[in-house]
Structure formats: structure tokens, C-alpha cells
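This report refers to the structure that appears directly beneath it.
The values are calculated or read from the model by the stated rules, or taken from the named source; none is laboratory data. Please read all numbers here as calculations on a predicted model, not as lab measurements. Glycine also receives a Cβ, built like all others from the backbone with ideal geometry; neighbour counts cover every protein chain displayed. Side chains included, ligands, DNA and RNA excluded: accessible areas come from the protein's heavy atoms. Shrake-Rupley method; radii C 1.70, N 1.55, O 1.52, S 1.80 Å.
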Amino acid sequence: QVQPVESGGGLVKSGGSLRLSCAASGIIFRIAPVGWYRQAPGKQRELVARITSGGSTTYLESVKGRFTISRDNNKNTVDLQMNILKPEDTAVYYCNLEGPSGGWGQGTQVTVSS
């Protein structure tokens with residue numbers, strides 16, 4: 001099973017930007033869909049953005065126009081560029097590699113102060 005590793009979280013003021021990165025080794029990472037999820041305290045984990053191996057993307061309605069997911073198959077990374085951040089974006093963000101050989105990362109904290 002491939003376990004992705006997230007990086008790039010932190011503390012930012014409302015209106016600011018952060019870029020999260022998800023990395024994993026192996027060809028599986030290049031051919032499987034990858035999703036970024038988040039979980040705020042007391043709430044269920046939700047899908048924020050997803051990208052297929054072909055580059056098709058889907059987004060949570062509340063982040064459309066602010067977040068962009070992208071993948072670099074040469075580097076085996078999937079990034080989430082987050083702009084115009086809001087306090088309600090505060091959560092632990094997780095990367096998920098789909099499929100029978102996939103798995104979840106350990107998560108990275110994103111905190112947006114008002």
C-alpha cells in the first residue's frame with residue numbers, strides 16, 4: 001500500500017494563500033486519482049478537490065475559484081493551491097490515493113485566522 005505524505009500546511013491570515021503538496025513513490029501514484037480532503041473539528045471529512053490521472057478535476061462548491069489542484073507526474077506530486085483563504089477553511093487536510101494500493105496521508109494542519 002502506498003502512503004502519501006503531505007506538506008505545506010500552516011497558519012495564515014484570512015485572504016492569504018497556502019500551497020499543499022502530496023507526494024508518494026511508485027507508478028501507482030501516477031495512474032490513480034488523488035483527492036485532497038479536509039476535516040474540521042466536530043465535522044465529517046469532506047472532499048475538497050480531486051484529480052484523475054488524465055487531469056480531470058472536481059471541486060467542493062465552496063472552494064471553486066479559490067483552490068486549484070494540479071499534478072506533476074514527473075515529480076510524483078499532487079498540489080493544492082489555496083487562495084483567498086477563509087477562517088472556515090481551517091481544518092486538517094489529507095491526501096488520498098485511490099484504488100486498492102492507495103492510502104491516506106497523515107494530514108497537515110491549515111489554520112486561517114480572521
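Of all DSSP beta bridges confined to the chain, the antiparallel ones make up roughly 90%.
Quantify, in whole percent, the carbon and sulfur part of the accessible surface of the chain (1.4 Å probe; protein heavy atoms only). Walk me through the numbers before you get to the answer.
Values: 2930 of 5860 Å².
C and S atoms contribute 50 percent here.
Accessible surface calculations at 1.4 Å, restricted to protein heavy atoms, place the chain at 51 Å² per residue. Please name which of Phe29, Leu47, Gly16 has its Cα lying farthest along the dipole of the chain towards the positive end, using unit charges on Cβ (Lys, Arg +1; Asp, Glu -1) and the Cα centre as origin. Sorting the options by dipole projection puts first Gly16.
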